[in-house]
Amino acid sequence: MRYHGRVSAFDVAGRVPRLNLPLLLILLLALGWRLLLWAQPLHQPANDEVEYITVAQDLLAGRGWSFYDRYRWLRAPLYPLFLAGSLWIAGGDLHRAALPNLLLSIGVIYLVYRLARELAPEAGRRPGLIAAAVAAALQTYATFGALYMSETLFSLLFAAGLLALARWSRSGGLWWAGLAGALLGLACLTRSAALVMLPVAGIWIIWLEARRGGGRMPAALIPAVVMGLCAALMIGPWTLRNCRAYSACILIESGFAYNLWAFYEPREDLATINRTLEAIADPAERAAEATERGLARLREDPAILLRKLPAEWERLWVVKPIQDRFLLANYYSDPPPLLFLSALLLDDVLYLLVLCGAMIGLAGLLVRRNALAMLCALWCAVFVGITLLTHAEGRYRHFLFMVLIPLAAVAADRLLRREPVPRRVWLAVLLPLGLALLPLFVYYPWAWAGGGAARSVYRGIGDVLAAVGAEEQAAGAYASALQASETPDGWIALGTLQRRQGDLASAEQSYELAHELRPPYVGASAHLGDLRREQGRLDEARQAFRGRYLDQARLTDWSFRFLTPAPVTELDIGGGLDYGYVAGVHLAEDQQGASARWTDGRGLLRPGVDGQAVLRLRAAAPHPDIRTVPVQICRGGACTEVELGPTWRTVTLVLPASVEPIEVRSPTFTAPDGRVLGVLLDRAAIEPVLALEPGTRALDAGTQQHATETPGRPGT
């Protein structure tokens, strides 16, 4: 119905909320869900995160792409650049640097909503709202929003490119074809897997334009050429940069060459392959070596290709309890009980429903000759095909979710409308759906899910009981959790409860059992060492902190975040007993006759006095070619600046009352081994303010006051 005459502001104001409120509510709930996951303690980087973080930090420090001069492949550049920008906005804080990625995740939900509406415009808003709700709830989407991985940025760019192609198919404007090319080109610069979509999209454009134009081929080529040129304009500068930087041109990245050698039944193990490639300085020569090794193995045994396909198919569709399923402070940590239980529903069950619904929705749309559905089907087919020929992982489903979710939403909408599914749709779905569901069900980690669910229920009950003071009942719940699924965190929870009850012998035994279960777990060593340190068993505490196969850097960071050590007034930094009291520091080393730690430019000390106190800090700043280094010492928003030289000096100043840690900020330099170094810290003494010596100045917020300094001889 067409309305004539003037539309009042009241009418517009009355319509807009009805049109936007459901989607806005979904987006707000999605943001809250993602922020809830992000608000957990900073997780231990997993998989590609380590690489992306290192490259982004190199870019911020002005070292460019030097990481790839020594790594096994060259990676696409866009996500490291995005992460470097996020780190710059966040002032170098890795946790806050995930927030821009969270916003991208919300953008993906909106694009999924728009794609569902484009797939079924006759159905109104409901398919779009269903798709948005599924994308908002899907826990893997929410988790990846807080991970330092390229999947979220890729999903946003690729889904936007598909949406631009959908708009072109309706309007025919060249502007939409050019925008689609630019967006797909940027997606290629995020993950080169999108390269296979460019020719597919070009053929789809030509077919659709020729069908609409009565078969006039020259005219049908124009929008495809525009799309290709715009994509080339995005990709070209990076390719030209690679041509100038290396001995041969690399279009985007060299991961395919690595996969060809590493995942085609090589004679060598992965460690040998990595060492061989990392010994080659030039990425182009490295890629050529990997390609030649892989092709040689394939010529030797062509049947590898056939043996590879079933294994890669299984990896693509199976559910695994891998490192990036949860945002965990350590790989050996247990997910919070509610988070584990929600994952079984919002990851695994929802994934199953999306997969089934997408197959049915796609088949139904293809029967109706829906052009956008055909493009989605082509993308799924070529991506799965190229993945089977290279290397598959479960997280690669992210490259499909932005089309699978809208297709599933279309199927759900038709189910709600009680529209029958034709028999030919079921016949078309049966084989591919069965092949995808087979690895999902056969190889699903049933024992992990069942034991983890029971453990999570008992641990959650135990945590509630412990919080309300029902400690005996809490101990029983923790014991039941251990019977359901024995984990280091289960023993640590029980040991911490026993420690609170004063049963130190039982607490130590629980911590030891956690340590024996997973020797590399920093949490077990940290709790065991802290207990022995508090009892005055210092040599045994040092031994516990050293652990077995333990990453000492992670132990330092983990202990500061999760331990609550007893307050101390004297701290020997680097003496083997400072875990829980220091952060933002490197491993202990002997410097100028003392065992000390370098800061990374922002060292943190946990004070033993919350009230106003006197700090005596022994520090040095032996920077190359610099006589003195300005250093800020801050607490609770108040800072003072001192000058440190290359030899030890004891700085004395008054700290304001605060529960916040003491922060030591300084300029940095890069050591030959790649570490970013600030200043050396040796000892800290924190005493009540009554110990203040005459003439010592206090930190005063907003002022730049020098504290009293007393030089110390190196080695004293």
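The values are calculated or read from the model by the stated rules, or taken from the named source; none is laboratory data. None of these values were measured; they are calculated from a predicted model. Don't worry about glycine lacking a Cβ; one is built from the backbone with ideal geometry, like all the others, and counts go over all protein chains shown.
Inspect segment 653-662 for any residue being within 19 Å of residue 618 (Cβ to Cβ), crowded, with 17+ Cβ neighbours inside 10 Å and under 36 Å from the mean Cα position of the chain (by Cα) and give the result as yes or no. Yes, that holds for at least one residue. If only residues of segment 533-550 that are acidic (Asp, Glu) and without any contact (Cβ under 8 Å) to a residue 12 or more places away in the chain are counted, the one that is nearest to residue 514 (Cα to Cα) is 540. State yes or no: is residue 49 acidic (Asp, Glu), out of contact with any strand residue (DSSP E or B) (no Cβ under 6 Å at 6 or more places or on another chain) and touching a residue at least 60 places away in the same chain (Cβ under 8 Å)? Judged against the criteria, residue 49 is a match. The set of residues from segment 449-481 being closer than 18 Å to residue 339 by Cα and either at pLDDT below 95 or among the aliphatic types (A, V, I, L, M) (or both) comprises 449, 453, 454, 457, 461, 464, 481.
The residue of segment 573-607 that is surrounded by the fewest Cβ atoms within 10 Å (Cβ to Cβ), among those that are charged (D, E, K, R) and assigned to a strand (DSSP E or B), is 590.
Identification of helices (runs of 4 or more DSSP H) wholly contained in segment 103-201 with 2 or more residues that are β-branched (Val, Ile, Thr) yields 126-137, 139-145.
Scanning segment 68-91 for residues that are in contact with a Ser or Thr (Cβ under 8 Å, 6 or more places away or on another chain) and in a helix (DSSP H, G or I) gives 78, 79. Taking residue 493, is it more than 22 Å from residue 544 (Cβ to Cβ) and not assigned by TED's automatic domain parsing to the domain that holds residue 318? When the stated conditions are applied, residue 493 does not pass them. Determine, yes or no, whether residue 248 is surrounded by fewer than 23 Cβ atoms within 10 Å (Cβ to Cβ), in a helix (DSSP H, G or I) and not hydroxyl-bearing (Ser, Thr, Tyr). It is false that residue 248 is surrounded by fewer than 23 Cβ atoms within 10 Å (Cβ to Cβ), in a helix (DSSP H, G or I) and not hydroxyl-bearing (Ser, Thr, Tyr). Total residues in segment 93-151 satisfying the condition of being hydroxyl-bearing (Ser, Thr, Tyr) and in contact with a Pro (Cβ under 6 Å, 6 or more places away or on another chain): the figure is 0. Taking residues in segment 167-184 that are in the same structural domain as residue 236 (by TED's automatic domain parsing) and on the phi < 0 side of the Ramachandran plot, and partners anywhere that are basic (Lys, Arg) and in a helix (DSSP H, G or I), the pairs with Cβ atoms closer than 7 Å and at least 6 places apart or on different chains are 176/167.
When segment 419-444 is filtered for residues that are outside any helix (DSSP H, G or I) and either surrounded by 16 or more Cβ atoms within 10 Å (Cβ to Cβ) or at pLDDT below 85 (or both), the ones remaining, listed by number, are 419, 420, 421, 422. Residue under question is residue 614, and the condition is that it be aliphatic (A, V, I, L, M), at pLDDT below 85 and either in a strand (DSSP E or B) or more than 24 Å from residue 62 (Cα to Cα) (or both); does it hold? Spelling it out, it is not the case that residue 614 is aliphatic (A, V, I, L, M), at pLDDT below 85 and either in a strand (DSSP E or B) or more than 24 Å from residue 62 (Cα to Cα) (or both). The single condition among (1) under 23 Å from residue 499 (Cα atoms); (2) over 31 Å from the mean Cα position of the chain (by Cα) that residue 591 does not satisfy is (1).
Only one entry in 616, 597, 649, 602 is of a type in the set (Lys, Arg), in contact with a His (Cβ under 9 Å, 6 or more places away or on another chain) and under 22 Å from residue 575 (Cα atoms), namely 597. Look through segment 663-685, keep the residues that are polar (S, T, N, Q) and assigned to a loop (DSSP other than H, G, I, E, B), and return whichever of them is nearest to residue 623 (Cα to Cα). That would be 668. What is the residue count in segment 522-560 for residues that are surrounded by 19 or more Cβ atoms within 10 Å (Cβ to Cβ), under 15 Å from residue 583 (Cβ atoms) and of a type in the set (S, T, N, Q)? Residues that pass the stated criteria total 2. Scanning segment 537-572 for residues that are outside any helix (DSSP H, G or I), small (Gly, Ala, Ser) and more than 16 Å from residue 608 (Cβ to Cβ) returns a single hit, 547.
If the condition is being of a type in the set (Ser, Thr, Tyr) and in a helix (DSSP H, G or I), then segment 512-536 contributes only 525. Going by what's in this entry, would residue 240 be described as part of a helix (DSSP H, G or I) and crowded, with 21+ Cβ neighbours inside 10 Å? Taking the combined requirement at face value, the residue does not satisfy it.
Each residue in segment 484-518 was checked for being more than 32 Å from the chain's Cα centre (by Cα), of a type outside the set (Lys, Arg) and surrounded by fewer than 22 Cβ atoms within 10 Å (Cβ to Cβ), and 9 pass. Number of residues in segment 38-55 that are within 26 Å of residue 392 (Cβ to Cβ) and surrounded by 14 or more Cβ atoms within 10 Å (Cβ to Cβ): the value is 12. Here residue 473 meets each of (1) polar (S, T, N, Q); (2) over 20 Å from residue 516 (Cβ atoms); (3) surrounded by 17 or more Cβ atoms within 10 Å (Cβ to Cβ) with one exception, condition (3). One residue alone among 667, 672 is surrounded by fewer than 17 Cβ atoms within 10 Å (Cβ to Cβ), at pLDDT 90 or above and under 30 Å from residue 60 (Cβ atoms), and that residue is 667.
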